[in-house]
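Novice: So that we are looking at the same thing, I have put the structure below in structure tokens.
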Amino acid sequence: MRTLRTKVAVVGAGPAGLFLAHELRAHGVDSVIVERCTREHVERRVRAGLLEEGTVRLLRGSGLADRLDRQCLVHDGFQLRFETTSQRISTAALIGEPTYIYGQQEVVKDLLAARPPGGDSLYFGAQDVRLAGIAGASPSVAFTTGGEQVVVEADFIAGCDGYHGVSRASIPPAALTFHSRRYPFNWIGLLVSAAPFAPELVYSVHPRGFALQSMRTPEISRLYLQTDGRDELSDWPESRIWDELAQRLYVDVSRTRERGAILEQVRVPLRSTVAEPMQFGRLFLVGDAAHIFPPTAAKGLNVALEDASALADALVTWYRRGEDGPLEGYSATRLRAVWRAQDFSAWLTWLFHPAADATPFDHRRRIASLTRLAEGGSSAIAFADEYVGRSRRRPPSRPHLTAPRIHELDGMEG
Ligand code: RFL
Ligand code: PHB
């Protein structure tokens, strides 16, 4: 058995874990990352594609955006299709902020490339990962690698191991409220080696269901299709997928279909989850380990990197100045942003996805909401603020909202 000693043990080398370790290292705080999968798997996992301005600023501020700035696609807006019309919503015109298209696996590659070579501070392929002592002052992470048992003793553990990881599961159930909402739809996601048929994202709300055209590069399209929550991938042969995409996106997709090989096909269940609080003793939950967003509003990666940045700041403050206020406040601060993004993601998910039992009334109401967005004005500005994530970057404008209490107001009136 080998025992290592570090300040922060990071479980998971997804974007949240890698970014947290990067930020800590930049401030002289050492960490050890323990990752279940291989490096090849982590670098190839295709997931998010849309980055918010705040995320790009975080990456730039940490010297991680050289390739991003050269290769990303900057989108001033997107197309919103419904009732056979296509309306352009320009977030740049509405609030002066674009969005950025750059694959999550590229962010991960950039984070890995920025790590100093050598050392034993990142373990891929770790098996049987277990957390211990999280309620006390000496937590540890144990795992096996190459047949050898390794124990990482640390001051703190950052649980960055995604929805299925061990970190959240290590918290005693009585100390955690786990909110979970499953939506009655799935997405099928396709990665296709063909140029996107439109230069910007196309969100299409069709009576047959929602569809989205996104992309990763000018040569690689990313297409999504709403399916019934009970459907499996086997219910969707390729010809059915393309026929539906053509109808729902109101485009002739035959060129994309003929030219593009499908590089990957996934089924994505739509759900919202939040673990409250996001910390227990010396364990802090970060990113998907603490919360899952339905992918509709593209919030997961953006909020995950914000969590990591906030936890890094709090830990650095603890090590530099011995102040534990920011660490103690981590969960409360992050949950404000998390619930804000959950609210928007859930609202957009219901707006964009007709349910199987939708009535003509539901349909007409949906069209009225979409029309309100397309018309611009204050609804569109508020929408853009949430879509590009600017609303989460503003400090709470009314911290006094919790006080005075209602009974005090009653007293004042009497
Ligand atoms: P990850 O990426 O899941 O990384 C967790 C890491 O932990 C490892 N792990 C373990 N390691 C050690 N021990 C264990 N027991 C472990 N169990 C797991 C895993 O192997 C993995 O390496 O979580 P992280 O870092 O919090 O990052 C979150 C993002 O991956 C996620 O929120 C986004 O992909 C969500 N998302 C999107 N987010 C956006 O901001 N913009 C988008 O455009 C966007 N599009 C999407 C998305 C997610 C999607 N799917 C597939 C759910 C589109 C889709 C289709
Ligand atoms: C994606 O490209 O994966 C993507 C883009 C925008 C969304 C959701 C997913 O709203």
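The values are calculated or read from the model by the stated rules, or taken from the named source; none is laboratory data. A quick note: this is a predicted structure, and the numbers were derived from the prediction, not measured. For neighbour counting, all protein chains shown are included, and Cβ atoms are generated from backbone atoms with ideal geometry for every residue, glycine included. What goes into the accessible areas is simple: the full protein's heavy atoms, side chains included, and nothing from ligands, DNA or RNA. Shrake-Rupley method; radii C 1.70, N 1.55, O 1.52, S 1.80 Å.
Novice: Collect the residues in region 187-205 that are buried (at least 19 other Cβ atoms within 10 Å of the Cβ) and touching a helix residue (DSSP H, G or I) at 6+ places or on another chain (Cβ under 9 Å), keeping them in residue-number order.
Specialist: TRP187, ILE188, GLY189, LEU190, VAL192, ALA194, PRO196, VAL202, TYR203, SER204, VAL205
Novice: Now for a separate question. Please enumerate the residues belonging to region 5-15 that are open to solvent by 10 Å² or more (accessible area, probe 1.4 Å) and either more than 16 Å from ligand 2 (Cβ to nearest atom) or of a type in the set (Ser, Thr, Tyr) (or both).
Specialist: Within region 5-15, ARG5, LYS7 qualify.
Novice: Still on this structure: Can you tell me which residue among GLU306, GLU323, GLU276 is among the acidic types (Asp, Glu) and closer than 24 Å to TYR102 by Cα?
Specialist: Details: GLU323 fails: closer than 24 Å to TYR102 by Cα; GLU276 fails: closer than 24 Å to TYR102 by Cα.
Result: GLU306 is the single residue among GLU306, GLU323, GLU276 that is among the acidic types (Asp, Glu) and closer than 24 Å to TYR102 by Cα.
Novice: Which residue is farthest from ligand 2 (Cβ to nearest atom), if the candidates are limited to region 25-57 and must be closer than 17 Å to GLY103 by Cβ and of a type in the set (Lys, Arg)? Show your work before the answer.
Specialist: Initially, region 25-57 is screened for residues closer than 17 Å to GLY103 by Cβ, giving 39-52, 55-56.
Cutting the leftovers down to of a type in the set (Lys, Arg) gives us 39, 44-45, 47.
Working: ARG39: 23, ARG44: 15, ARG45: 13, ARG47: 7 Å.
Here the residue is ARG39.
Novice: Look through region 274-308, keep the residues that are open to solvent by 10 Å² or more (accessible area, probe 1.4 Å) and part of a strand (DSSP E or B), and return whichever of them is farthest from ligand 2 (Cβ to nearest atom).
Specialist: For region 274-308, the residue satisfying everything is PHE280.
Novice: Could you list, in sequence order, the residues of region 206-219 that are open to solvent by 40 Å² or more (accessible area, probe 1.4 Å) and farther than 12 Å from PRO354 by Cα? Let's see the steps before the verdict.
Specialist: Step one: of region 206-219, the residues open to solvent by 40 Å² or more (accessible area, probe 1.4 Å) are 207-208, 217-219.
If the condition is that a residue be open to solvent by 40 Å² or more (accessible area, probe 1.4 Å) and farther than 12 Å from PRO354 by Cα, then THR217, PRO218, GLU219 are the ones that fit.
Novice: Restricting to region 108-158, name every residue that is more than 16 Å from ligand 2 (Cβ to nearest atom), within 19 Å of GLY287 (Cβ to Cβ) and of a type in the set (A, V, I, L, M).
Specialist: LEU111, LEU112, ALA114, LEU122, ALA126, VAL129, LEU131, ILE134, VAL141, ALA154, ILE157, ALA158, listed by residue number.
Novice: Additional query: Out of all the residues in region 159-169, is one or more out of contact with any helix residue (DSSP H, G or I) (no Cβ under 6 Å at 6 or more places or on another chain), within 30 Å of PHE280 (Cα to Cα) and more than 11 Å from ligand 1 (Cβ to nearest atom)? If you could, list the steps in order and put the result at the bottom.
Specialist: Initial filter on region 159-169 (out of contact with any helix residue (DSSP H, G or I) (no Cβ under 6 Å at 6 or more places or on another chain)): 164, 166, 169.
Okay, now just the ones that are also within 30 Å of PHE280 (Cα to Cα), so 164, 166, 169.
Now restrict to residues that are more than 11 Å from ligand 1 (Cβ to nearest atom): none.
No, every residue in region 159-169 fails to be out of contact with any helix residue (DSSP H, G or I) (no Cβ under 6 Å at 6 or more places or on another chain), within 30 Å of PHE280 (Cα to Cα) and more than 11 Å from ligand 1 (Cβ to nearest atom).
Novice: Continuing with the same structure: Pairs, please: C-beta under 8 Å, at least 6 apart or cross-chain, first residue at positive phi and in region 154-182, second within 13 Å of ligand 1 (Cβ to nearest atom) and charged (D, E, K, R)?
Specialist: GLY162/ASP288
Novice: While we're looking at this one, here's another question. So which residues in region 274-289 are near ligand 1 (Cβ under 8 Å from one of its atoms) and aliphatic (A, V, I, L, M)? Working first, answer last.
Specialist: Pass one, region 274-289, residues near ligand 1 (Cβ under 8 Å from one of its atoms): 286-289.
Across region 274-289, the qualifying residues are VAL286, ALA289.
Novice: Here's another thing I want to ask about it. For GLY125, indicate whether it is in contact with a strand residue (DSSP E or B) (Cβ under 7 Å, 6 or more places away or on another chain), assigned to a loop (DSSP other than H, G, I, E, B) and not acidic (Asp, Glu). Lay out the reasoning, then the answer.
Specialist: Values: in contact with a strand residue (DSSP E or B) (Cβ under 7 Å, 6 or more places away or on another chain): yes; assigned to a loop (DSSP other than H, G, I, E, B): yes; not acidic (Asp, Glu): yes.
So GLY125 fits the description; yes.
Novice: What do you reckon, is ARG271 at pLDDT 95 or above, within 15 Å of ligand 2 (Cβ to nearest atom) and open to solvent by 50 Å² or more (accessible area, probe 1.4 Å)? First the steps, then the outcome.
Specialist: Numbers: at pLDDT 95 or above: yes; within 15 Å of ligand 2 (Cβ to nearest atom): yes; open to solvent by 50 Å² or more (accessible area, probe 1.4 Å): yes.
It is true that ARG271 is at pLDDT 95 or above, within 15 Å of ligand 2 (Cβ to nearest atom) and open to solvent by 50 Å² or more (accessible area, probe 1.4 Å).
Novice: On to the next question. Which one of THR3, THR55 is among the β-branched types (Val, Ile, Thr), in a helix (DSSP H, G or I) and at pLDDT 95 or above? Before the answer, list the steps.
Specialist: On the way: THR3 fails: in a helix (DSSP H, G or I).
THR55 is the lone residue from the list that is among the β-branched types (Val, Ile, Thr), in a helix (DSSP H, G or I) and at pLDDT 95 or above.
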